[in-house]
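One structure below.
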Number of protein chains: 2
Amino acid sequence: MDRIPILKMGPFLLVTIQVDMHDRLALSLQDDLAERIASTGARGVLIDISSLEIVDSFIGRVLANIAGVSRVLDAQTVVVGMQPAVAITLVELGLSLPGVRTALNVERGMELLRGVMEPDPDAVDDAGPEG
Amino acid sequence: MDRIPILKMGPFLLVTIQVDMHDRLALSLQDDLAERIASTGARGVLIDISSLEIVDSFIGRVLANIAGVSRVLDAQTVVVGMQPAVAITLVELGLSLPGVRTALNVERGMELLRGVMEPDPDAVDDAGPEG
C-alpha cells in the first residue's frame, strides 16, 4: 500500500490515516490531496487520525503542510478523531498543530466545515494563531 | 495498528480498508462493527476497498461475513471503490461476493443505502441471490 485513499463526500474530501506515515507516503498524500481538491473543487478536507496512537512532530508538520496547501487551494482542513492521550502528549510536547483546526469526530468536523463555508453569527473563525 | 477505525456519518458507518487483512484484524473488525451498529443504531455500513489491489477468497469471505452480521442487526452493507482490475480478477476467479452489494464510490453507496432505507418505486431490492 503506497497510497492513502481519499474519499469524496459531497463538498468534502475524507482521509483516514491508519498506517505509520513515512516521508514518501506523506508526500504522496499531500500531492494526491492537492490534485483531488483541484479536480473536484472540494471546499473542505477531513483527516481522521483516530487510529494513530502517536502524533510526533513529523506528523504534526505533515498535517500543517496539508492544511497550508489546502488553504491556498481554497479548502479548509479539519483534523478529527484525535485520541485523548494523543492530545495530552501533544500539549506536553509543546506541539500545538498551528493552523490546523480540530474536531471531535467526522460529524462535528463536517458541521465545522459547513459553518466555515456558510458563515453565520454562530460560526466565528476560531483558527488559532499561525505561529 | 490492530484496529481499523469505524467512522460514523449520520445513519451510516464508514470503514476504509487500507491494510492487508489477516485473521485477527478481520475478526476484530467484525466484532467492532457489530458493536458499533448496536450502539449507534446505524442502518448502513459502507466498506471502502479502493486501496486494495487484491481481493482473494479470504477477503471475500470477510466481506460476506460482515454483510451477514450487519443484516441480522438490521443494517445494510455496501462495498464501495473496488478497482476495475479487482472486479475483473474476482469474476475470473469465480468469486461473486454473494450477499454483498457494491457501488462505485462512497457517494453512490450512500445513495444506494438511502434508497434501501426509504423504499420507493425507484429503489427496488436488487440484492442478488444469496448462494
Quiz item: Nm distances between the label at B:Glu92 and the same-position labels in the remaining copies, 7 Å along Cα→Cβ, shortest first?
Solution: 5.2
Quiz item: Which distances in nm, rounded to one decimal and ordered from shortest, link the label point of B:Phe58 to the equivalent label points in the other identical copies, with labels set 7 Å from Cα toward Cβ?
Solution: 2.8
Exercise. Going by C-beta contacts inside 10 Å, put B:Arg24, B:Arg43 in order with the fewest on the left.
Key: B:Arg24, B:Arg43
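Taking the Cα centre of the protein assembly as shown as origin and charging only Cβ (+1 Lys, Arg; -1 Asp, Glu), how large is the dipole, in debye to the nearest 20?
Details: 20 positive and 38 negative charges, 6 e Å.
Computed about the Cα centre, the dipole is about 20 debye.
In deg cm²/dmol, rounded to 500, what helix-only [θ] at 222 nm does chain B give when every DSSP H run of at least 4 residues adds -39500 (n - 2.57) and the total is split over its residues? Please report the intermediate quantities before stating the final value.
Details: 4 runs with 56 residues, N = 131.
That calculation yields -14000 deg cm²/dmol at 222 nm.
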Exercise. State the antiparallel share, in %, of DSSP beta bridges confined to the protein assembly as shown, rounding to the nearest 5.
Key: 25 percent
Quiz item: If r is the Cβ-Cβ distance from B:Val72 to A:Val72 and R0 is 45 Å, what FRET efficiency results, to the nearest 0.05?
Solution: 0.40
Quiz item: Where nothing but the Cβ of Lys and Arg (+1) and of Asp and Glu (-1) is charged, how large is the charge dipole of chain A around its Cα centre, in debye to the nearest 20?
Solution: 260 debye
Quiz item: Roughly how crowded by other chains is peptide A:5-18, in terms of the mean Cβ count from those chains within 10 Å of each of its Cβ atoms?
Solution: 5
Practice problem: Could you grab the Rg to Rh ratio for the protein assembly as shown? Cα atoms only, Kirkwood for Rh. | Solution: 0.97
Exercise. May I ask what percent, to the nearest 5, of DSSP beta bridges between residues of region B:6-115 are antiparallel?
Key: 25 percent
Exercise. Report, largest value first, the span of the C-alpha coordinates of region B:1-81 along each principal axis, in whole Å.
Key: 31, 22, 21
Quiz item: Using 7 Å Cα-to-Cβ label points, what is the A:Asp23/B:Glu35 separation (nm, one decimal)?
Solution: 3.9 nm
Practice problem: Would you kindly work out, in nm and rounded to one decimal, the distances from the label point of A:Asp32 to those of the same position in each other copy, ordered shortest first, with label points 7 Å along Cα-to-Cβ? | Solution: 1.9
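Throughout, read-outs are computed from the coordinates displayed, never taken from laboratory work. Bear in mind the structure is a predicted one, so any value in this text is a computation, not a measurement. Cβ sites come from the backbone with ideal geometry, for glycine too, and all protein chains shown count toward neighbours.
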